[in-house]
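The values are calculated or read from the model by the stated rules, or taken from the named source; none is laboratory data. Given the structure is predicted, the values throughout are model-derived calculations rather than measurements. Cβ: placed from backbone, ideal geometry, glycine included. Neighbour counts: every protein chain shown. Areas reflect the complete protein model, heavy atoms only, side chains present, ligands, DNA and RNA absent. Shrake-Rupley method; radii C 1.70, N 1.55, O 1.52, S 1.80 Å.
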Amino acid sequence: DWSGQPEVVLELERRWGEVFAGLGARRDADVIAGMLGPQWAAAGVPPSPASEAAPDHDTGHVLRGAAFNLLLLQTLACAVAEPITLPLSAEVAVGAPPLLSDEARRVLKKAWVRAQADARQFDVGPDDIRHRARKRLKRLRYAMEFVAPVLSRKALREQLRALGRALDALGAFNDLQVAQAHFIQIAEPDPAAWFALGWLAAQRGPALAEALRALKHLEKAPRVWRRGKQK
């Protein structure tokens, strides 16, 4: 809504989603080969050729491609094509310019409510809810960083620190899930994958416990959108 070109922005968002889907596949392969691989070796898990599987193209291939650079230029063009006009808040009198800080708080509060609805189901919810909780918390962090200049610095710093801890813990749990799904697919033709799956199963409980602790800490963190309560 802030762009003045909502239809254009939604189309750009869809195309960025395609880009990041490709980058996400590359990252998942890096997690398995580069991060979990050394841990498995230290734990005595037999090496598996599938642990080094990677998408057809590396990250550089995606970012150097014409499609990505055209998308980047179109996004920049959209950002500077016309001045940003903010929607009036319900509490702002007609004719008075809305405060950017008020609009920022409204956006962040809405994002927090949606993220928390999923985060509170993290211990018992299905994997798709857990994955969505992580994505929504990531969006919240990006939004907070974007509007940081108009928010309380102290509260922002504390909440970003709590968000960072939560996202690290949720990311570690997500990496286990990604690796588990990968090795389930190749377990039959690759016996070494069964050892990897056993190791992953043993890590799941502690990783989930750490994620829940981090989410509980985040729920107690200051709220930058609460007017007049933080400095």
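Can you compute the FRET efficiency between Arg139 and Asp30 using 1/(1 + (r/R0)^6), with r the Cβ-Cβ distance and R0 = 22 Å? Round to the nearest 0.05. Calculated transfer efficiency: 0.45.
Accessible area of Phe195 (1.4 Å probe, protein heavy atoms only, ligands and nucleic acids ignored): about 130 Å².
Taking amide hydrogens as placed 1.01 Å from N in the peptide plane, the amide H of Leu151 sits under 5 Å from that of no residue at least 5 positions away in sequence or on another chain. What the phi angles of segment 105-112 give under the Karplus curve with 6.51, -1.76 and 1.60, with θ = phi - 60°, is a coupling list of 4, 4, 5, 5, 4, 5, 5, 5 Hz, glycine and proline written as x.
Rounded, prolate or oblate: which fits segment 151-196, taking a ≥ b ≥ c as square roots of the Cα gyration tensor eigenvalues, rounded meaning a/c under 1.5, else prolate when a/b beats b/c?
prolate
Whole-Hz Karplus values for segment 130-138 come out as 4, 5, 5, 4, 5, 5, 5, 5, 5 Hz, taken residue by residue from phi with 6.51 cos²θ - 1.76 cosθ + 1.60 and θ = phi - 60°; glycine and proline positions read x.
For segment 131-231, the tally of Lys pairs with Cα-Cα distances below 16 Å comes to 4, considering only residues 8 or more apart or on different chains.
Based on Cα atoms of segment 106-231, Rg over Rh with Rh as the Kirkwood radius reads 1.09.
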